[in-house]
Amino acid sequence: MHRSEDRLNITPQLLIKAYSCGLFPMAESAEDPEVFWVEPEIRGVIPLDQFHIPKSLAKTCRQNRFDVRINTAFNAVIDGCAEPGPGRRKTWINRTIRRLYSQLHDLGHAHSVEAWRNGELMGGLYGVSLRGAFFGESMFSREKDASKVCLVHLVKRLRQRGFVLLDTQFTTEHLKRFGAVDVPKETYDSLLSEAMMLEASFA
């Protein structure tokens with residue numbers, strides 16, 4: 001891990017370069033203005049051709065319970081991801097992270113997938129797209145299955161637009177239900193190199 005002592009040194013352009021090299025930023029807490037670079041030896045990915053939708057979630061998707069939108073409330077999604085939730089009393093999303101990803105969104109590299117119901121944002125996820133890779137950052141739900149439905153729509157969109165890598169950074173039991181796997185750094189670097197040779201577009 002490489003720590004940044006001055007948050008003003010990190011620009012959206014540097015962040016894009018870091019992603020292309022296999023690094024991503026994190027913070028110790030929402031109160032700590034500093035960020036540090038992370039390059040795990042074991043990386044989480046969801047192979048797009050092996051994505052699994054549990055039966056109960058497939059039923060929810062067929063019911064069209066949510067109105068799924070793209071990039072209509074990016075900052076609100078970050079706010080939602082920063083909220084305390086089940087199993088998450090604190091957040092690592094600090095002011096620096098909010099600023100950087102908001103700027104990346106303005107540049108067309110950071111995106112949100114949102115689940116709306118009755119005009120209210122019930123869940124979502126956000127991440128970074130770069131060439132043929134999408135780097136998932138965080139997700140949240142205020143209603144059952146809201147973020148999961150967003151993940152289903154994300155994978156569908158990535159497949160349709162020719163993406164080859166969905167990076168989840170780490171795996172969790174939650175993500176493993178969808179097909180997430182751990183890969184060693186050497187394998188991840190190869191997948192990333194392949195993705196960086198493509199010109200896919202999330203928009």
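The values are calculated or read from the model by the stated rules, or taken from the named source; none is laboratory data. Since we're looking at a predicted model, the values are computed, not measured. Quick reminder, even Gly has a Cβ in these numbers, built from the backbone with ideal geometry, and neighbours come from all protein chains shown. Please note that ligands, DNA and RNA were not included when accessible areas were found on the heavy atoms of the full protein model with its side chains. Shrake-Rupley method; radii C 1.70, N 1.55, O 1.52, S 1.80 Å.
Filter the stretch 176-192 for residues that are more than 10 Å from VAL45 (Cβ to Cβ) and in a helix (DSSP H, G or I) and give the result. Passing the criteria: LYS176, LYS185, GLU186, ASP189, SER190. Among the conditions (1) out of contact with any His (no Cβ under 8 Å at 6 or more places or on another chain); (2) hydroxyl-bearing (Ser, Thr, Tyr); (3) in contact (Cβ under 8 Å) with a residue 40 or more places away in the chain, SER129 misses just one, which is (1).
The listed residues are ALA58, ALA82, ALA115, ALA110, and the only one of them that is free of Cβ contacts under 8 Å to residues at least 24 places away in the same chain and either of a type in the set (Val, Ile, Thr) or open to solvent by less than 30 Å² (accessible area, probe 1.4 Å) (or both) turns out to be ALA58. The residues of the stretch 63-77 that are modelled with pLDDT under 95 and not in a loop (DSSP other than H, G, I, E, B) amount to a single one, GLN63. Residues that are at pLDDT 95 or above and touching an Asp or Glu at 6+ places or on another chain (Cβ under 9 Å) were ranked within the stretch 87-117; the one that is farthest from PRO12 (Cα to Cα) is ARG117.
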